[in-house]
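S.K.: Pasting a structure here, questions to come.
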Amino acid sequence: MITKLIISLFFKRSNKKYYYLKGDLVRFLLVFALPILFFSCKPKSFPNQGMIDLLKTAEKNYQNPENVFSPEAVVKYTDSIINSSSDENVITKAQNQKANALLELGEEQKAINIFQDLLGKTKGNLDQRQYILKDMAISYLRLGERMNCINMHNAESCIYPISTRGVHQDKKPSEKAIEIYNELLSDNPGDLESRWLLNIAYMTTGGYPQQVPPQYILKVENDDSIHNVKPFIDVAANVGLNYKCQAGGNVVDDFNNDGYPDIVISSWSLTEPMRFYRNNGDGTFADVSDSSGLGYLTGGLNIMQTDYNNDGFKDIFVLRGGWKGKFGNTPNSLLRNNGDGTFTDVTKEAGLLSFRPTQTATWADFNNDGWLDVFIGNETTPGEEANPCELYINNKNGTFTETAAKADCAITEFVKGVTSGDYNNDGLTDIFISTLNGNKILLKNETVKGDPIKFEDVSKAAGLSTNLSRSFPTWFFDYDNDGWLDILVCGYEFTGSLASYAAAEAVHAPVNNAGKVFLFWNKHDGTFEDVSAKVGLNKIAFAMGSNFGDIDNDGYLDFYLGTGNPSFKSAVPNKLFKNINGTSFLDVTTSARVGNLQKGHGVAFADLDNDGNEDIYIKMGGAYVGDAYENSLYLNPGQNNNHWINILLEGTVSNKVAIGAKIKVSFNENNIERSVYRDVNSGGSFGSNPLQQHIGVGQAAILSKIEITWPVTGKTQVFKNIPADKNIKITEDDSTFSAFKLTRFDFTKKAGQSQHHH
């Protein structure tokens, strides 16, 4: 209304044209009315303005041609060289650099044009020609993906092996890529990278396997030979959860305490805002990003939930600067949930403001005082400023005190993953650290009650120091249900293209220096055994975002890996591994249809449609603007008729959201007594499951016993003869529990336009 009034006063309409008014009225409008218009259009307040300003400053500093993740700056820099230099070699090098930067910006055709010009300058130099041809081929492949998988996206887009609706409608770019890859392989038949990408290109045209030259064909690997896992389907677009942006994190949890999990996502780009999707409890989600205050905050390669002030509303912790070295000195954010649908950045007032590159942290009550503390794993790049890890102890008044050095946990490494759990069952929460330096660091909590917190590095004594493979995501979980936490950590070791490793594995060629999955079994005596090969996990996997859950409700934890690296040539599928009775793991990616070839980041397992089966929500997208991609929600169709129980815990003496509480569920299945163990946490180090624990119990319809051991007191509550397939809430020291019902949703049909509240 104000806008229309101003316009009607400011302009005089005559014969469908507008004429400016002059004199005192114009001066009145400029001095009084326009400011009213301006302020009426702005949000009522900017409680997060301080952090917004810090992030804008960081984004300006980020625009530097020395920053490999700033292709915009690289284009400007190379243009200046091309326009000013007379040295042909210098110009050629700059053109090549510019073309790759344009590819990273999603300007594939412009990149192709430059590569075509550069080919004419190779003058018979075979090595140089192959180098340019590879860049041109991936540019065509990416152009095909943009024209089809992105611009005409559907649930089968980029799912490996590509088939049915995943086949491109416009095949011309892929056909050009095929032509180039065949030429490359003709010159060098041992080029595994080109061989893998050639097979992918044929898949996109519908020509796999029949049109692939026999000498180059790669067989699709699948451990699940009997297909005992039913295919998932991507329904993100049906419910409006397919937001497209760059790499980032996600949290699936209930932020307004209505019983239904909401979804928060982030992007590592300092120009892309966080998004908050509120679960409406009717099968739809509302985008409340702006009204919540989250839509004005940018950046965050990883995010996680906590309840730092014990008010019963889950807060959000945002981690920034990971991978960016000296350009990653950006602040993290602690976002307080105000309980009214809004979040306030309290980082500075809480004493958590620091400027170190990171993407990993873990919240736990390390001193058992009933309040959550946070350990942050920072990245120290060799040759650059040291960024030791940080430990912030909760002062119980909304503030924290940094005490890593005093607690002997100020590790200075290139830390990529941290996780916490009580590995030795002594009632104290310990820390495991995964690094790109190759060190696997286990910090044993030796805090004496009433004394300052203390950790001891027991990596060598625990048998973890001999594995020096560079690694990334990690977590504690009890994969074999023996009551002791084991450790899974994913290798991130490679010297070339991930595509070449994928091809080598497909032809069963020996592979050296390749990232693999490592599983360390807890021997119950403070030491661990590497059982990776024994359980079938000596597989190549370049994991980033990842998490665990139970896809078939058998009580044994499965896991999903988001794979890849920033290179566009790293077109390898995300992977799903099924736990077979705690004795082995099967790669069931192909039969489950969850092998997205795009870059996978934050992962969460959650039963979003309330049918009793855990689904998988994954934050997709890569490091560059041109590698942004839609998020996926892989809907679990239900693998069998197994039963389950959802357990929501609330602490009173222990922290409110019960992080660190131990759950033991016992039952009789087919005349065999079994127990399943869970620790309350959000899962892996890159992606956040709900804190409510979804526990599969196989064929048991009645649970003989549920035991909850609380972290502060060590007391155990016992509940007997509980029916399965229920949602229950247990409060510390309450001898009863409450059950609650959730509406089941059908996400297979496209919902009506969800409400948008800004």
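The values are calculated or read from the model by the stated rules, or taken from the named source; none is laboratory data. Remember, it's a predicted structure, so these values are computed and weren't measured experimentally. When we count neighbours, we look across all protein chains shown, and the Cβ atoms used for this are built from the backbone with ideal geometry, even at glycine. These area figures cover heavy atoms from the full protein model, side chains too; ligands, DNA and RNA do not enter into them. Shrake-Rupley method; radii C 1.70, N 1.55, O 1.52, S 1.80 Å.
S.K.: Short version: what are the Cα gyration tensor semi-axes of segment 609-757, square root of 5 times each eigenvalue, largest first, in whole Å?
M.R.: Working: eigenvalues 194, 84, 48 Å².
One finds semi-axes of 31, 20, 15 Å for segment 609-757.
S.K.: Same structure, new question: When ranked by the protection proxy of mean other Cβ atoms within 10 Å per residue, highest first, what sequence do the peptides 676-688, 596-608 form? The partial results should precede the final answer.
M.R.: On the way: 676-688: 25.5, 596-608: 27.8.
With the highest mean Cβ count within 10 Å placed first, the list reads 596-608, 676-688.
S.K.: Rank Lys516, Lys324 by accessible area, highest first, at a 1.4 Å probe radius?
M.R.: Numbers: Lys516 65, Lys324 20 Å².
Sorted descending by solvent-accessible area, the residues read Lys516, Lys324.
S.K.: List nothing, just return the count: lysine pairs in segment 242-355, 8 or more apart or interchain, with Cα separation under 25 Å.
M.R.: Values: Lys244/Lys324; Lys314/Lys348; Lys324/Lys348; Lys326/Lys348.
Lysine pairs meeting both conditions in segment 242-355 amount to 4.
S.K.: With every protein chain left in place, what is the accessible area of Ser567 in Å² (1.4 Å probe, nearest 10)?
M.R.: 50 Å²
S.K.: Another question, then. Between Asp725 and Asn538, what is the spin-label point distance in nm, taking each point 7 Å from the Cα along the Cα→C-beta axis?
M.R.: Label at Asp725, label at Asn538, 4.3 nm between them.
S.K.: Then there is this: About its Cα centre, what dipole magnitude does the chain give when the only charges are +1 on Lys and Arg Cβ and -1 on Asp and Glu Cβ, stated in debye to the nearest 20? Could the numbers behind the result be given before it?
M.R.: On the way: 71 positive and 89 negative charges, 565 e Å.
Computed about the Cα centre, the dipole is about 2720 debye.
S.K.: For n ≥ 4 DSSP H runs only, could you compute -39500 (n - 2.57) per run for the chain, divide by its residues and tell me the 222 nm figure to the nearest 500? Each step should come with its number before you reach the end.
M.R.: Details: 14 runs with 150 residues, N = 758.
Only helices count here, giving -6000 deg cm²/dmol.
S.K.: For Met203, Met147, what's the largest-to-smallest order of accessible area, 1.4 Å probe? Intermediate values should be presented prior to the final figure.
M.R.: Working: Met203 5, Met147 60 Å².
Result of the area sort, largest leading: Met147, Met203.
S.K.: Whole-Hz ³J(HN,Hα) for each residue in segment 424-433, computed from phi via Karplus 6.51 cos²θ - 1.76 cosθ + 1.60 with θ = phi - 60°, x for glycine and proline: what do you get?
M.R.: 10, 6, 9, x, 10, 7, 9, 10, 10, 10
S.K.: Let me ask something additional. At a 1.4 Å probe radius, which order do Lys314, Lys656 fall into by accessible area, largest first?
M.R.: Values: Lys314 20, Lys656 65 Å².
Result, largest first: Lys656, Lys314.
S.K.: Let me ask another. Would you mind getting me the FRET efficiency between Gln210 and Asp282? Use the beta-carbon distance for r and R0 = 60 Å, nearest 0.05. Can you show the working numbers first?
M.R.: Values: r = 46 Å, r/R0 = 0.77.
The computed FRET efficiency comes out at 0.80.
S.K.: For the chain, restrict the atom set to alpha-carbon positions and state the Rg and Dmax in Å.
M.R.: 27.0, 93
S.K.: Residue-wise, which Karplus ³J(HN,Hα) couplings in Hz belong to segment 130-146, taking 6.51 cos²θ - 1.76 cosθ + 1.60, θ = phi - 60°, and x for glycine or proline?
M.R.: 5, 4, 6, 4, 4, 5, 5, 4, 5, 5, 5, 4, 5, 4, x, 5, 5
S.K.: Let me ask something additional. Which of the lysines could be linked to Lys523 by a straight reach, that is with a Cα gap under 16 Å, when you skip same-chain ones fewer than 8 residues away?
M.R.: Correct list for Lys523: Lys444, Lys460, Lys534.
S.K.: What list of ³J(HN,Hα) values in whole Hz, one per residue of segment 473-482 in order, does the Karplus curve 6.51 cos²θ - 1.76 cosθ + 1.60 (θ = phi - 60°) give from phi, with Gly and Pro shown as x?
M.R.: Once θ is set to phi - 60°, the couplings for segment 473-482 become x, 7, 6, 8, 7, 9, 6, 10, 6, 9 Hz.
S.K.: Stokes-Einstein D for segment 498-567 at 25 °C, 0.890 mPa s, Kirkwood Rh over Cα pairs, in µm²/s? All intermediate terms of the calculation are to be shown ahead of the outcome.
M.R.: Working: Rh = 14.1 Å.
Roughly 174 µm²/s, to the nearest whole number.
S.K.: Considering just Cα atoms, how many Å³ per residue does the convex hull of segment 451-533 enclose? Don't skip to the end; give the middle numbers.
M.R.: On the way: hull volume 11.1 nm³, N = 83.
Hull volume over Cα atoms, normalised by residue count, gives 133 Å³.
S.K.: Which far-off residues, 5 or more places away or on another chain, put their amide H under 5 Å from the one on Thr435, with H placed in the peptide plane?
M.R.: Placed amide hydrogens put Lys416, Ser471 under 5 Å from Thr435.
S.K.: List the relative contact order of the chain as a percent without decimals, with contacts defined as Cα pairs under 8 Å and 6+ residues apart. Walk me through the intermediate numbers first.
M.R.: Details: 1946 pairs, mean separation 94.1, N = 758.
About 12 percent, as a whole number.
S.K.: Tell me which residues come under 5 Å, amide H to amide H, from Gln639 once H is placed; ignore anything under 5 positions away on its chain.
M.R.: none
S.K.: Could you give the length gained by full extension between Asp482 and Ser704, i.e. 0.36 nm per residue of separation minus their alpha carbon distance, to one decimal place? Walk me through the intermediate numbers first.
M.R.: Working: separation 222, 0.36 × 222 = 79.92 nm, distance 1.78 nm.
Length gained between Asp482 and Ser704: 78.1 nm.
S.K.: Using Cα centres only, tell me the gap between segment 92-148 and segment 298-336 in whole Å.
M.R.: Result: 37 Å between the Cα centres.
S.K.: How big, on average over all directions, is the shadow cast by the Cα convex hull of segment 555-623, in nm²?
M.R.: Orientation-averaged projected area of the Cα hull: 5.2 nm².
S.K.: Compute the distance from the alpha-carbon center of segment 705-748 to that of segment 614-661, in whole Å.
M.R.: Taking the Cα centre of segment 614-661 as reference, the centre of segment 705-748 is 18 Å away.
S.K.: Can you pull the Kirkwood radius for segment 148-299, inverse mean 1/r over Cα pairs, to one decimal in Å?
M.R.: Every distinct Cα pair counted, the radius reaches 18.6 Å.
S.K.: Taking K and R as +1 and D and E as -1, what net charge do the other residues with C-beta under 13 Å from the C-beta of Lys449 add up to? Mind dumping the intermediate values first?
M.R.: Working: positive: Lys454; negative: Asp365, Asp369, Asp426, Glu446, Asp451.
In short, -4.
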